[in-house]
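The next block holds one structure in the form of structure tokens; read it before the comments.
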Amino acid sequence: MFSFLKKNKNKDLKAFLSGKVVPITEVEDEAFASKSMGDGIGIIPTDNKVLAPADGEVVLVMKDSKHACALKLDNDMEMILHIGIDTVNMKGDGFECLVEMGDKVKAGQPLITFDMDKIKSAGYSTTSMLVITGEGNAKNINFKTGFDAKAGEDIVVTFE
């Protein structure tokens, strides 16, 4: 009725992994570092469980490689969560996707687990990215980097 009163529930994104949060421009992959897919953050993980950074809907799952998924929030913001660099080449070995396209997820819900040792022994970086691929109705998006985050607890992105 009063659509102008409708508030978006999400005003921030929590860390999707525990680890060191770095600017997207510092990740070792030019496609991400150049922001060609969108702005975001990287996390050098200390654990292997990817958590939903906010309530949303799973809009993409990389079925074969299981190394990435995408979420859409209630404010139409869209993001990709991508585990490791060039890990698509692992063809799903060492990854387990816990969600399917169309699933509604809650902040902190496990989405993907992965084997860090397998990624490293295959010669790939475990640095993982959260990339905002569509801002939706969000404004003033700010990325918080340069600290060690705890998955599901520490805020890494704020917006209005």
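The values are calculated or read from the model by the stated rules, or taken from the named source; none is laboratory data. Quick caveat: nothing in here was measured; it's all calculated off a predicted structure. Every residue, glycine as well, gets a Cβ built from its backbone with ideal geometry; the counts of neighbours run over all protein chains shown.
Report yes if some residue within the stretch 76-83 is in contact with a Cys (Cβ under 8 Å, 6 or more places away or on another chain) and more than 21 Å from THR25 (Cα to Cα); otherwise report no. Steps first, answer last, please.
Keep residues of the stretch 76-83 that are in contact with a Cys (Cβ under 8 Å, 6 or more places away or on another chain), which gives 80-81.
Filter once more, so that each one left must be more than 21 Å from THR25 (Cα to Cα): none.
The answer is no; no qualifying residue exists.
For (1) buried (at least 18 other Cβ atoms within 10 Å of the Cβ); (2) at pLDDT 95 or above; (3) touching a Gly at 6+ places or on another chain (Cβ under 8 Å), each residue gets a yes or a no:
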| residue | (1), (2), (3) |
| --- | --- |
| LYS104 | no, yes, yes |
| MET116 | no, yes, no |
| ASN142 | no, yes, no |
| ALA149 | yes, yes, yes |
| ILE155 | no, yes, no |
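Determine the pairs where a residue that is on the phi > 0 side of the Ramachandran plot, located within the stretch 143-156, has a partner that is of a type outside the set (Asp, Glu) and crowded, with 17+ Cβ neighbours inside 10 Å with Cβ atoms under 6 Å apart, the partner being 6 or more residues away or on another chain.
GLY152/LYS14; GLY152/LEU51
Would you be able to say whether some residue in the stretch 92-108 is under 18 Å from ASP64 (Cβ atoms) and β-branched (Val, Ile, Thr)?
Looking for residues that are under 18 Å from ASP64 (Cβ atoms) and β-branched (Val, Ile, Thr), one finds at least one in the stretch 92-108, hence yes.
Any residue in the stretch 25-51 that's without any contact (Cβ under 8 Å) to a residue 24 or more places away in the chain: show its pairings with residues that are of a type in the set (Gly, Ala, Ser) and buried (at least 17 other Cβ atoms within 10 Å of the Cβ) at Cβ separation under 7 Å, as long as the two are six or more apart or on different chains.
Pairs that qualify, where the first residue is without any contact (Cβ under 8 Å) to a residue 24 or more places away in the chain and the partner is of a type in the set (Gly, Ala, Ser) and buried (at least 17 other Cβ atoms within 10 Å of the Cβ), are GLU26/GLY42.
Answer yes or no as to whether GLY56 is farther than 14 Å from ASP115 by Cα and touching a strand residue (DSSP E or B) at 6+ places or on another chain (Cβ under 8 Å).
Numbers: farther than 14 Å from ASP115 by Cα: yes; touching a strand residue (DSSP E or B) at 6+ places or on another chain (Cβ under 8 Å): yes.
Yes, satisfied.
Output the residues belonging to the stretch 105-147 that are among the charged types (D, E, K, R) and touching a Ser or Thr at 6+ places or on another chain (Cβ under 8 Å). Give the steps one after another, and end with the answer.
Within the stretch 105-147, the first condition is being among the charged types (D, E, K, R), and the residues that meet it are 106, 115, 117-118, 120, 135, 139, 144.
LYS120, LYS144, listed by residue number.
List every residue pair whose Cβ atoms lie under 8 Å apart, where the two residues are 6 or more positions apart in sequence or sit on different chains, the first residue falls within the stretch 71-91 and is free of Cβ contacts under 8 Å to residues at least 60 places away in the same chain and over 16 Å from ASP12 (Cβ atoms), and the second residue, located anywhere, is among the basic types (Lys, Arg) and assigned to a helix (DSSP H, G or I).
Listed pairs, sorted by first residue: MET90/LYS118.
Is it the case, given these coordinates, that MET90 is among the hydrophobic types (A, V, I, L, M, F, W, C) and over 20 Å from ILE41 (Cα atoms)?
Numbers: among the hydrophobic types (A, V, I, L, M, F, W, C): yes; over 20 Å from ILE41 (Cα atoms): yes.
Yes, satisfied.
Looking at (1) within 22 Å of ASP103 (Cβ to Cβ); (2) modelled with pLDDT of 95 or more; (3) surrounded by fewer than 23 Cβ atoms within 10 Å (Cβ to Cβ), which is the one condition that is false for ASN10?
(2)
Six or more apart or on different chains, Cβ under 7 Å: which pairs go from a residue in the stretch 118-141 that's at positive phi to one that's of a type in the set (D, E, K, R) and surrounded by fewer than 17 Cβ atoms within 10 Å (Cβ to Cβ)? Could you list them?
GLY136/ASP76; ASN140/GLU160
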